[in-house]
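Asker: Here it is, the structure in full.
The values are calculated or read from the model by the stated rules, or taken from the named source; none is laboratory data. Keep in mind the model is a prediction, meaning the values are calculated, not measured. Backbone-built Cβ (ideal geometry, glycine too); neighbour counts: all protein chains shown. Accessible surface areas use protein heavy atoms only, side chains included; no ligands, DNA or RNA. Shrake-Rupley method; radii C 1.70, N 1.55, O 1.52, S 1.80 Å.
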Amino acid sequence: MTWLVQPRLINDPYSDPGLFVDFRFGRRALLFDLGDITPLSSRELLRVSHVFVSHTHLDHFAGFDRLLRVCLHRTLPLYLFGPQGFADRVQHKLQAFTWNLLDENSLDFILTATEIAGDGITLACEFRAREAFRRRELSVSYVNPGRVLDEEAFWIDAAVLDHGTPCIAFAFQEKLRVNVWKEGLDSLGLPVGRWLDDAKQAVRRGEPDDRLIAIPGVQPVALGVLKQRALRLAPGYKFAYVVDAAFHNSNVEKIIRLAQGADQLFIETAFLDEDAALAVERRHLTAAQAGAIARKAGVARIVPLHFSARYVGREAELREEAEAAWRG
Ligand SMILES: [Zn+2]
């Protein structure tokens, strides 16, 4: 099976949490959290189209300046998502710099800040380089409850958790996995090529079987024939990203609903259970709590992250505690 996206942690688990999600096809990537992003190359950052910021504590948002600097001279817009108050913080960040060299002749890099609260998007605004990043309000379009992005190949859901301040957890869901079966292509006498992307998109859009797919150099083929003989369909890949959450019923229920059945759950395991009292005070999860949540959500794999610095040298204990609770 070929993958649509490949998520990877940006830093070691004691450093700032964050996920870089690279697309296999098309020069594109997503970011979850925007703390220390120095391990990412400029080339990787230039691929980032959407950034999902859980909350604006320093370790989740301090990388904004670097991302802005790298993206300033590109034409691809940058879409940022965050909790209530996020647009003001992006605006303040932008206002911290002097933009007298920008005018209507500048390359028009556009940055959008979208706020998530309750069960959806509540506010959005944009900042354009040609307007020296003056704030402009946008009208918001309501999608499904909890859905903050819905594209052809995937969607992203969000849940607002409590961390003393709103902290957003996210789930990425590939809609339908469409893979090419090479032997099937050969049996139809069809070449490999770009046209396969059109065919895959047509399948994801749910187009009818008699829809003809154009193929360079040969006769068009009906989508139904391709589905039967050359394409393999499977449920899409899902991952969830959960950081900084107090351990209480409301948070736990929201995380379980969001991460249900995920292939991978990236989740904070800030403290060991021996320091559960401290975890309550700081409104973080322990490794055992994160593992128990992963078990209830029925995820296929748990990836612990965001370890407290007090456990340097005790990484194995954190991982074991999380795994043990996940296995049950
Ligand atoms: Zn944090």
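Asker: Go through segment 194-231 and count every residue that is on the phi > 0 side of the Ramachandran plot and either surrounded by 12 or more Cβ atoms within 10 Å (Cβ to Cβ) or over 32 Å from the mean Cα position of the chain (by Cα) (or both).
Answerer: 1
Asker: I've got another one for you. Report those strands (runs of 3 or more DSSP E) wholly inside segment 174-292 carrying at least 1 residues which are of a type in the set (Phe, Trp, Tyr) and within 16 Å of the ligand (Cβ to nearest atom).
Answerer: 238-242, 264-268
Asker: Follow-up. Within segment 101-134, can you find the residues that are over 29 Å from residue 172 (Cα atoms) and basic (Lys, Arg)?
Answerer: 130, 134 - these are the residues of segment 101-134 that are over 29 Å from residue 172 (Cα atoms) and basic (Lys, Arg).
Asker: Tell me yes or no: at least one residue of segment 302-313 is of a type in the set (A, V, I, L, M), within 16 Å of the ligand (Cβ to nearest atom) and surrounded by fewer than 16 Cβ atoms within 10 Å (Cβ to Cβ).
Answerer: Yes - at least one qualifying residue is present in segment 302-313.
Asker: Another question, if that's okay. If a residue has to be away from the ligand (no atom under 14 Å from the Cβ), closer than 28 Å to residue 319 by Cα and not in a strand (DSSP E or B) to count, how many in segment 1-30 make the cut?
Answerer: 3
Asker: A further question follows. For the list (1) among the acidic types (Asp, Glu); (2) within 16 Å of the ligand (Cβ to nearest atom); (3) open to solvent by 10 Å² or more (accessible area, probe 1.4 Å), I need the number of the one condition that residue 33 fails.
Answerer: (3)
Asker: Condition first: in contact with a Phe, Trp or Tyr (Cβ under 9 Å, 6 or more places away or on another chain) and among the aliphatic types (A, V, I, L, M). Now tell me which residues in segment 125-152 satisfy that.
Answerer: Listed by number, the residues that qualify are 129, 132, 143, 148, 149.
Asker: Restricting to segment 161-173, what's the tally of residues that are within 16 Å of the ligand (Cβ to nearest atom) and either in contact with a helix residue (DSSP H, G or I) (Cβ under 8 Å, 6 or more places away or on another chain) or in a strand (DSSP E or B) (or both)?
Answerer: Final tally of qualifying residues: 7.
Asker: Given the condition under 22 Å from residue 172 (Cβ atoms) and in a strand (DSSP E or B), answer yes or no: does some residue in segment 32-47 qualify?
Answerer: yes
Asker: Moving on. For segment 36-52, which residues satisfy the criterion of being touching a residue at least 24 places away in the same chain (Cβ under 8 Å) and open to solvent by 50 Å² or more (accessible area, probe 1.4 Å)?
Answerer: The answer is 36, 38, 39, 42, 46.
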